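Each remark here refers to the structure printed beneath this line.
The values are calculated or read from the model by the stated rules, or taken from the named source; none is laboratory data. In this text, all values refer to a predicted model and were calculated from it rather than measured experimentally. Note that each Cβ is placed from the backbone with ideal geometry, even for glycine, and that neighbours are counted across all protein chains shown.
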Amino acid sequence: MSSGRSAGEAGGPKLGLPGWVYRDERFFRGEIDKVLLPSWQVVCHQSDIPAPGDFRRLDFAGKPIFVVRGEDTEVRAFYNVCRHRASRLLDGDASGAGHCRRGRIVCPYHGWTYDLEGRLRGVPDRAAYDDFEDAGWGLNTPEIEIWHGFIFIRCRPGGAGVAEMMAPWEDAIAPYRFADMRALGRVTLRPRAVNWKTIVENYADGLHIPVAHPGLSALSAGSYRLEADESVMHMSADVPEQGTGSWSVRGYSRYLPPVEHLPPALRRRWNYFLLWPNLAFDIYPDQVDFMQMIPLGPRHTLIREIPYGHPDGRREMAAARYLNWRINRQVNAEDRDLIERVQAGMDSGVFRQGPLSRNEICLRALAQRLREALPEAIEPDPPAYPE
Ligand code: FES
Ligand SMILES: [Fe+2]
(Lines give C-alpha, C1' and ligand atoms only; values in the text may rest on other atoms or scores of the structure.)
(Ligands and ions follow the chains in the order given, each with its own letter.)
Protein backbone atom coordinates (compact mmCIF):
# COMPACT_ATOMS: atom_id res chain seq x y z
CA MET A 1 0.00 0.00 0.00
CA SER A 2 1.08 3.56 -0.44
CA SER A 3 2.04 5.88 2.33
CA GLY A 4 -1.31 7.61 2.95
CA ARG A 5 -2.38 7.91 6.53
CA SER A 6 -5.77 7.34 8.02
CA ALA A 7 -7.71 10.42 9.04
CA GLY A 8 -10.41 10.99 11.55
CA GLU A 9 -9.73 7.96 13.77
CA ALA A 10 -10.24 9.77 17.02
CA GLY A 11 -10.48 13.52 16.45
CA GLY A 12 -12.65 13.62 13.31
CA PRO A 13 -16.32 14.50 13.29
CA LYS A 14 -18.64 11.76 14.44
CA LEU A 15 -21.56 13.23 12.55
CA GLY A 16 -21.72 13.69 8.82
CA LEU A 17 -22.59 16.96 7.12
CA PRO A 18 -26.07 18.35 7.81
CA GLY A 19 -28.80 18.04 5.19
CA TRP A 20 -29.10 21.76 4.49
CA VAL A 21 -25.59 22.03 3.00
CA TYR A 22 -26.77 19.84 0.11
CA ARG A 23 -29.51 22.25 -0.95
CA ASP A 24 -28.82 25.78 0.35
CA GLU A 25 -28.17 28.45 -2.29
CA ARG A 26 -26.03 30.69 -0.06
CA PHE A 27 -23.94 27.82 1.21
CA PHE A 28 -23.40 26.78 -2.40
CA ARG A 29 -22.09 30.27 -3.23
CA GLY A 30 -19.73 29.97 -0.25
CA GLU A 31 -18.47 26.64 -1.59
CA ILE A 32 -17.77 28.16 -5.00
CA ASP A 33 -15.79 30.92 -3.33
CA LYS A 34 -13.95 29.01 -0.59
CA VAL A 35 -13.70 25.45 -1.89
CA LEU A 36 -14.18 25.11 -5.63
CA LEU A 37 -12.48 28.13 -7.23
CA PRO A 38 -9.36 27.63 -5.03
CA SER A 39 -9.08 23.99 -6.20
CA TRP A 40 -7.25 22.37 -9.11
CA GLN A 41 -9.41 21.23 -12.02
CA VAL A 42 -8.36 18.89 -14.81
CA VAL A 43 -9.05 20.14 -18.33
CA CYS A 44 -7.67 17.32 -20.50
CA HIS A 45 -4.54 15.31 -21.26
CA GLN A 46 -1.62 16.85 -23.12
CA SER A 47 -2.13 14.30 -25.93
CA ASP A 48 -5.61 15.74 -26.52
CA ILE A 49 -4.04 18.92 -27.92
CA PRO A 50 -1.06 17.59 -29.89
CA ALA A 51 -0.63 20.37 -32.49
CA PRO A 52 -0.07 24.12 -32.12
CA GLY A 53 -3.51 25.79 -32.08
CA ASP A 54 -5.35 22.76 -30.64
CA PHE A 55 -7.46 23.76 -27.66
CA ARG A 56 -9.85 22.33 -25.06
CA ARG A 57 -12.41 24.33 -23.12
CA LEU A 58 -13.60 23.90 -19.56
CA ASP A 59 -16.38 25.97 -17.98
CA PHE A 60 -16.05 25.57 -14.24
CA ALA A 61 -17.97 27.32 -11.47
CA GLY A 62 -18.81 30.26 -13.70
CA LYS A 63 -15.27 30.63 -15.07
CA PRO A 64 -14.79 29.99 -18.82
CA ILE A 65 -11.31 28.59 -19.47
CA PHE A 66 -9.36 27.07 -22.33
CA VAL A 67 -5.96 25.47 -22.68
CA VAL A 68 -4.12 25.75 -25.99
CA ARG A 69 -0.83 24.50 -27.40
CA GLY A 70 1.40 27.30 -28.66
CA GLU A 71 3.67 27.49 -31.70
CA ASP A 72 6.54 26.74 -29.29
CA THR A 73 4.66 23.50 -28.24
CA GLU A 74 4.08 24.87 -24.72
CA VAL A 75 0.59 24.41 -23.27
CA ARG A 76 -0.97 27.55 -21.76
CA ALA A 77 -4.25 28.30 -20.01
CA PHE A 78 -6.40 31.39 -20.54
CA TYR A 79 -9.79 32.71 -19.58
CA ASN A 80 -12.11 32.45 -22.56
CA VAL A 81 -13.13 36.10 -22.25
CA CYS A 82 -12.22 38.87 -24.69
CA ARG A 83 -10.49 41.89 -23.17
CA HIS A 84 -12.55 44.28 -25.33
CA ARG A 85 -16.23 43.67 -24.46
CA ALA A 86 -16.02 40.30 -22.68
CA SER A 87 -17.32 38.06 -25.46
CA ARG A 88 -16.54 34.35 -25.31
CA LEU A 89 -13.70 33.77 -27.75
CA LEU A 90 -13.57 30.04 -28.51
CA ASP A 91 -16.43 27.58 -28.90
CA GLY A 92 -15.13 24.20 -30.09
CA ASP A 93 -17.34 21.15 -30.44
CA ALA A 94 -19.77 19.69 -27.90
CA SER A 95 -16.89 18.39 -25.79
CA GLY A 96 -15.08 21.75 -25.92
CA ALA A 97 -12.41 20.63 -28.41
CA GLY A 98 -11.26 22.75 -31.31
CA HIS A 99 -8.39 24.31 -33.24
CA CYS A 100 -7.31 27.93 -33.69
CA ARG A 101 -6.39 28.43 -37.32
CA ARG A 102 -3.22 30.24 -38.38
CA GLY A 103 -2.06 30.51 -34.78
CA ARG A 104 -4.64 33.16 -33.96
CA ILE A 105 -7.56 33.46 -31.54
CA VAL A 106 -10.08 35.76 -33.23
CA CYS A 107 -12.95 37.23 -31.26
CA PRO A 108 -16.25 36.73 -33.11
CA TYR A 109 -17.68 40.03 -31.81
CA HIS A 110 -15.42 42.85 -33.11
CA GLY A 111 -12.47 40.89 -34.40
CA TRP A 112 -9.79 41.50 -31.79
CA THR A 113 -7.05 38.96 -32.41
CA TYR A 114 -4.72 37.24 -29.95
CA ASP A 115 -1.81 34.89 -30.53
CA LEU A 116 -1.46 31.49 -28.86
CA GLU A 117 0.56 33.06 -26.07
CA GLY A 118 -2.42 35.26 -25.25
CA ARG A 119 -0.89 38.51 -26.54
CA LEU A 120 -3.13 41.00 -28.30
CA ARG A 121 -2.07 41.13 -31.94
CA GLY A 122 -4.82 42.89 -33.84
CA VAL A 123 -7.41 45.58 -33.08
CA PRO A 124 -9.66 46.89 -35.86
CA ASP A 125 -9.56 50.69 -35.98
CA ARG A 126 -6.85 50.77 -33.35
CA ALA A 127 -6.19 54.50 -33.83
CA ALA A 128 -9.65 55.29 -32.42
CA TYR A 129 -8.65 54.15 -28.90
CA ASP A 130 -6.94 56.72 -26.69
CA ASP A 131 -3.57 55.89 -25.11
CA PHE A 132 -3.81 52.30 -26.23
CA GLU A 133 -0.93 49.86 -25.69
CA ASP A 134 -1.42 46.31 -26.95
CA ALA A 135 0.87 44.98 -24.23
CA GLY A 136 -1.64 45.79 -21.49
CA TRP A 137 -4.50 43.84 -23.10
CA GLY A 138 -3.40 40.24 -23.32
CA LEU A 139 -5.74 37.45 -22.19
CA ASN A 140 -6.17 36.84 -18.47
CA THR A 141 -4.76 33.61 -17.13
CA PRO A 142 -5.62 31.06 -14.45
CA GLU A 143 -2.81 28.98 -12.93
CA ILE A 144 -1.74 25.90 -14.86
CA GLU A 145 0.07 22.71 -13.85
CA ILE A 146 0.77 19.58 -15.85
CA TRP A 147 0.85 16.46 -13.71
CA HIS A 148 1.76 13.14 -15.35
CA GLY A 149 0.41 14.43 -18.67
CA PHE A 150 -2.88 15.77 -17.30
CA ILE A 151 -3.43 19.53 -17.65
CA PHE A 152 -4.85 21.20 -14.55
CA ILE A 153 -5.93 24.79 -13.98
CA ARG A 154 -6.74 26.74 -10.83
CA CYS A 155 -8.74 29.97 -10.86
CA ARG A 156 -7.69 31.20 -7.46
CA PRO A 157 -4.01 30.83 -6.56
CA GLY A 158 -2.68 29.70 -3.20
CA GLY A 159 -2.16 26.38 -1.50
CA ALA A 160 -0.46 23.21 -2.66
CA GLY A 161 0.14 22.31 -6.30
CA VAL A 162 -1.20 19.07 -7.83
CA ALA A 163 2.14 17.25 -7.64
CA GLU A 164 2.58 18.41 -4.06
CA MET A 165 -0.92 17.22 -3.13
CA MET A 166 -0.30 13.88 -4.80
CA ALA A 167 3.25 13.43 -3.47
CA PRO A 168 2.24 10.83 -0.81
CA TRP A 169 0.71 8.72 -3.60
CA GLU A 170 3.44 9.19 -6.18
CA ASP A 171 4.84 5.66 -5.83
CA ALA A 172 1.39 4.19 -6.32
CA ILE A 173 0.72 6.25 -9.44
CA ALA A 174 4.03 6.64 -11.31
CA PRO A 175 4.11 3.03 -12.65
CA TYR A 176 0.97 3.63 -14.71
CA ARG A 177 2.82 6.11 -16.95
CA PHE A 178 -0.16 8.42 -17.45
CA ALA A 179 1.91 10.83 -19.54
CA ASP A 180 2.19 8.28 -22.37
CA MET A 181 -1.54 7.54 -22.49
CA ARG A 182 -4.04 8.56 -25.16
CA ALA A 183 -7.80 9.12 -25.02
CA LEU A 184 -9.77 5.91 -25.54
CA GLY A 185 -13.02 7.76 -26.18
CA ARG A 186 -14.63 11.17 -26.04
CA VAL A 187 -15.65 13.30 -23.09
CA THR A 188 -19.07 12.33 -21.75
CA LEU A 189 -21.18 14.86 -19.84
CA ARG A 190 -23.85 13.40 -17.57
CA PRO A 191 -26.15 15.88 -15.81
CA ARG A 192 -27.43 14.80 -12.40
CA ALA A 193 -30.12 16.56 -10.35
CA VAL A 194 -28.11 16.32 -7.12
CA ASN A 195 -25.62 18.37 -5.12
CA TRP A 196 -21.96 17.85 -6.10
CA LYS A 197 -21.14 16.52 -2.60
CA THR A 198 -23.81 13.84 -2.91
CA ILE A 199 -21.81 12.39 -5.84
CA VAL A 200 -18.38 12.92 -4.28
CA GLU A 201 -19.38 11.31 -0.99
CA ASN A 202 -21.01 8.38 -2.74
CA TYR A 203 -17.76 7.90 -4.63
CA ALA A 204 -15.77 7.73 -1.39
CA ASP A 205 -18.37 5.72 0.57
CA GLY A 206 -17.04 2.25 1.36
CA LEU A 207 -20.01 0.85 3.25
CA HIS A 208 -22.38 0.75 0.28
CA ILE A 209 -20.22 -1.44 -1.97
CA PRO A 210 -21.26 -4.86 -0.60
CA VAL A 211 -24.90 -3.80 -0.22
CA ALA A 212 -25.59 -1.85 -3.40
CA HIS A 213 -23.01 -3.03 -5.96
CA PRO A 214 -23.19 -6.83 -6.19
CA GLY A 215 -21.12 -6.86 -9.41
CA LEU A 216 -18.37 -4.65 -8.05
CA SER A 217 -18.22 -6.61 -4.79
CA ALA A 218 -17.96 -9.90 -6.70
CA LEU A 219 -15.08 -8.37 -8.64
CA SER A 220 -13.24 -7.09 -5.59
CA ALA A 221 -14.00 -10.21 -3.53
CA GLY A 222 -14.06 -8.37 -0.23
CA SER A 223 -10.66 -6.74 -0.74
CA TYR A 224 -12.00 -3.14 -0.76
CA ARG A 225 -9.78 -0.75 1.26
CA LEU A 226 -10.00 2.93 2.12
CA GLU A 227 -7.20 5.38 2.96
CA ALA A 228 -7.30 9.14 3.30
CA ASP A 229 -5.03 12.09 3.88
CA GLU A 230 -5.96 15.74 3.99
CA SER A 231 -6.46 16.21 0.25
CA VAL A 232 -6.64 12.76 -1.29
CA MET A 233 -8.80 9.70 -0.62
CA HIS A 234 -7.83 6.32 -1.97
CA MET A 235 -10.10 3.33 -2.40
CA SER A 236 -8.70 0.12 -3.86
CA ALA A 237 -9.48 -3.53 -4.43
CA ASP A 238 -7.78 -6.50 -6.08
CA VAL A 239 -9.43 -8.56 -8.81
CA PRO A 240 -9.08 -12.32 -8.24
CA GLU A 241 -8.01 -14.67 -11.04
CA GLN A 242 -11.38 -16.43 -10.92
CA GLY A 243 -14.21 -13.94 -10.61
CA THR A 244 -17.75 -14.84 -9.68
CA GLY A 245 -21.07 -13.17 -10.50
CA SER A 246 -22.15 -11.72 -13.86
CA TRP A 247 -20.48 -12.75 -17.10
CA SER A 248 -18.91 -9.28 -17.38
CA VAL A 249 -17.19 -9.77 -14.02
CA ARG A 250 -16.18 -13.35 -14.73
CA GLY A 251 -14.98 -12.41 -18.21
CA TYR A 252 -12.96 -9.43 -16.96
CA SER A 253 -11.30 -11.58 -14.26
CA ARG A 254 -10.40 -14.15 -16.88
CA TYR A 255 -9.32 -11.98 -19.86
CA LEU A 256 -7.49 -9.11 -18.16
CA PRO A 257 -3.99 -9.60 -19.60
CA PRO A 258 -0.78 -8.80 -17.72
CA VAL A 259 0.27 -5.17 -18.16
CA GLU A 260 4.04 -5.55 -18.35
CA HIS A 261 5.04 -2.06 -17.20
CA LEU A 262 3.06 -2.43 -13.95
CA PRO A 263 4.62 -4.16 -10.95
CA PRO A 264 2.87 -7.48 -10.15
CA ALA A 265 0.97 -6.02 -7.17
CA LEU A 266 -0.78 -3.51 -9.45
CA ARG A 267 -1.62 -5.80 -12.36
CA ARG A 268 -5.01 -6.72 -10.97
CA ARG A 269 -5.69 -3.71 -8.77
CA TRP A 270 -8.60 -1.29 -9.17
CA ASN A 271 -7.77 2.10 -7.65
CA TYR A 272 -10.04 5.03 -7.03
CA PHE A 273 -8.44 8.35 -6.11
CA LEU A 274 -10.52 11.33 -5.07
CA LEU A 275 -8.69 14.67 -5.12
CA TRP A 276 -10.28 17.25 -2.89
CA PRO A 277 -12.81 18.51 -3.56
CA ASN A 278 -14.45 17.13 -6.71
CA LEU A 279 -12.11 15.18 -8.96
CA ALA A 280 -11.79 11.41 -9.24
CA PHE A 281 -9.26 9.27 -11.07
CA ASP A 282 -10.32 5.66 -11.63
CA ILE A 283 -7.12 3.75 -12.21
CA TYR A 284 -7.39 0.23 -13.60
CA PRO A 285 -4.67 -1.99 -15.06
CA ASP A 286 -6.31 -1.64 -18.49
CA GLN A 287 -7.18 2.09 -18.48
CA VAL A 288 -7.63 5.20 -16.40
CA ASP A 289 -10.38 7.78 -16.48
CA PHE A 290 -11.05 11.04 -14.75
CA MET A 291 -14.47 11.90 -13.45
CA GLN A 292 -15.03 15.53 -12.52
CA MET A 293 -18.09 16.70 -10.64
CA ILE A 294 -18.86 20.16 -12.05
CA PRO A 295 -21.27 22.02 -9.78
CA LEU A 296 -23.99 23.90 -11.66
CA GLY A 297 -26.22 24.76 -8.70
CA PRO A 298 -27.09 23.46 -5.22
CA ARG A 299 -29.06 20.62 -6.81
CA HIS A 300 -27.39 20.32 -10.22
CA THR A 301 -24.08 18.74 -11.14
CA LEU A 302 -22.46 17.72 -14.40
CA ILE A 303 -20.28 14.59 -14.35
CA ARG A 304 -17.51 15.06 -16.92
CA GLU A 305 -15.60 11.90 -17.73
CA ILE A 306 -13.16 10.45 -20.28
CA PRO A 307 -10.98 7.30 -20.36
CA TYR A 308 -7.31 7.06 -21.36
CA GLY A 309 -5.01 4.11 -21.98
CA HIS A 310 -1.80 2.93 -23.55
CA PRO A 311 -1.91 1.76 -27.15
CA ASP A 312 -2.37 -2.04 -26.83
CA GLY A 313 -3.43 -4.22 -29.75
CA ARG A 314 -4.05 -7.40 -27.74
CA ARG A 315 -7.51 -8.91 -28.16
CA GLU A 316 -7.58 -9.73 -24.44
CA MET A 317 -6.98 -6.04 -23.69
CA ALA A 318 -9.82 -4.99 -26.00
CA ALA A 319 -12.05 -7.52 -24.22
CA ALA A 320 -10.95 -6.35 -20.76
CA ARG A 321 -11.61 -2.70 -21.66
CA TYR A 322 -15.05 -3.53 -23.02
CA LEU A 323 -15.94 -5.62 -19.95
CA ASN A 324 -14.61 -2.90 -17.63
CA TRP A 325 -16.96 -0.47 -19.42
CA ARG A 326 -19.89 -2.88 -18.95
CA ILE A 327 -19.15 -3.42 -15.26
CA ASN A 328 -18.90 0.32 -14.66
CA ARG A 329 -22.01 1.09 -16.70
CA GLN A 330 -23.87 -1.12 -14.22
CA VAL A 331 -22.13 0.50 -11.22
CA ASN A 332 -23.01 3.97 -12.58
CA ALA A 333 -26.68 3.02 -12.96
CA GLU A 334 -26.72 1.72 -9.38
CA ASP A 335 -24.97 4.85 -8.10
CA ARG A 336 -27.36 7.13 -9.98
CA ASP A 337 -30.27 5.55 -8.15
CA LEU A 338 -28.45 5.87 -4.81
CA ILE A 339 -27.48 9.53 -5.18
CA GLU A 340 -31.01 10.47 -6.24
CA ARG A 341 -32.41 8.69 -3.19
CA VAL A 342 -29.98 10.54 -0.94
CA GLN A 343 -30.58 13.94 -2.53
CA ALA A 344 -34.36 13.50 -2.11
CA GLY A 345 -33.75 12.84 1.58
CA MET A 346 -31.44 15.86 1.92
CA ASP A 347 -34.06 18.01 0.15
CA SER A 348 -36.87 16.78 2.40
CA GLY A 349 -35.78 18.75 5.46
CA VAL A 350 -36.53 15.60 7.49
CA PHE A 351 -32.86 14.64 7.63
CA ARG A 352 -30.61 16.72 9.84
CA GLN A 353 -27.36 14.82 10.45
CA GLY A 354 -26.41 11.16 10.48
CA PRO A 355 -23.57 9.32 12.24
CA LEU A 356 -20.41 8.37 10.37
CA SER A 357 -18.91 4.96 11.10
CA ARG A 358 -15.32 4.94 12.38
CA ASN A 359 -14.51 2.99 9.22
CA GLU A 360 -15.77 5.73 6.90
CA ILE A 361 -12.42 7.49 7.00
CA CYS A 362 -12.94 9.13 3.62
CA LEU A 363 -16.33 10.62 4.51
CA ARG A 364 -14.91 11.84 7.81
CA ALA A 365 -11.99 13.46 6.03
CA LEU A 366 -14.28 15.09 3.45
CA ALA A 367 -16.60 16.50 6.13
CA GLN A 368 -13.64 17.80 8.12
CA ARG A 369 -12.09 19.49 5.10
CA LEU A 370 -15.37 21.18 4.17
CA ARG A 371 -15.84 22.44 7.72
CA GLU A 372 -12.35 23.93 7.71
CA ALA A 373 -13.37 26.05 4.71
CA LEU A 374 -16.96 26.71 5.82
CA PRO A 375 -17.30 26.31 9.60
CA GLU A 376 -21.08 26.72 9.47
CA ALA A 377 -21.22 23.19 8.00
CA ILE A 378 -21.05 21.91 11.58
CA GLU A 379 -24.49 23.37 12.40
CA PRO A 380 -27.54 21.12 12.05
CA ASP A 381 -29.56 24.07 10.71
CA PRO A 382 -28.60 26.85 8.30
CA PRO A 383 -27.30 30.02 9.95
CA ALA A 384 -29.19 33.28 9.62
CA TYR A 385 -27.08 34.60 6.73
CA PRO A 386 -26.96 38.39 6.57
CA GLU A 387 -29.19 39.67 3.77
S1 FES B 1 -15.67 41.66 -27.43
FE2 FES B 1 -14.05 40.71 -28.44
S3 FES B 1 -13.55 42.07 -30.00
FE4 FES B 1 -15.12 43.07 -28.94
FE1 LIG C 1 -21.19 3.33 -5.65
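Just a few scattered comments:
- Pick from the range 260-272, criterion in a loop (DSSP other than H, G, I, E, B) and in contact (Cβ under 8 Å) with a residue 40 or more places away in the chain, ranking: farthest from Ala167 (Cα to Cα): His261
Every residue, every condition in (1) at pLDDT below 95; (2) in a loop (DSSP other than H, G, I, E, B); (3) in contact with a Ser or Thr (Cβ under 9 Å, 6 or more places away or on another chain), yes or no:
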residue	(1), (2), (3)
Ser217	yes, no, no
Leu226	yes, no, yes
Arg250	yes, no, yes
Pro258	no, yes, no
Leu274	no, no, no
Asp282	no, no, no
Asp289	no, no, no
Ile294	no, no, yes
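- Within the option set Gln353, Gln330, being more than 16 Å from ligand 1 (Cβ to nearest atom) and in a helix (DSSP H, G or I) holds for one residue only, Gln330.
- Taken over the range 366-387, the criterion of being touching a helix residue (DSSP H, G or I) at 6+ places or on another chain (Cβ under 9 Å) and in a helix (DSSP H, G or I) is satisfied by Leu366, Ala367, Arg369, Leu370, Arg371, Ala373, Glu376, Ala377, Ile378.
- Within the range 125-155, tally of residues that are under 28 Å from Val67 (Cβ atoms), of a type in the set (A, V, I, L, M) and without any contact (Cβ under 8 Å) to a residue 24 or more places away in the chain: 1
- Positions within the range 121-130 being outside any loop (DSSP other than H, G, I, E, B) and out of contact with any strand residue (DSSP E or B) (no Cβ under 6 Å at 6 or more places or on another chain), in sequence order: Arg126, Ala127, Ala128
- Qualifying residues in the range 73-87 (those that are assigned to a strand (DSSP E or B) and within 16 Å of ligand 1 (Cβ to nearest atom)) - the one surrounded by the fewest Cβ atoms within 10 Å (Cβ to Cβ): Val81
- Contact map, the range 323-338: residues that are assigned by TED's automatic domain parsing to the domain that holds Pro191 paired with residues that are within 10 Å of ligand 2 (Cβ to nearest atom) and not in a helix (DSSP H, G or I), Cβ distance under 9 Å, separation 6+ or inter-chain. Pairs shown: Gln330/His213; Val331/His213; Glu334/His213; Asp335/His213; Leu338/Asp205.
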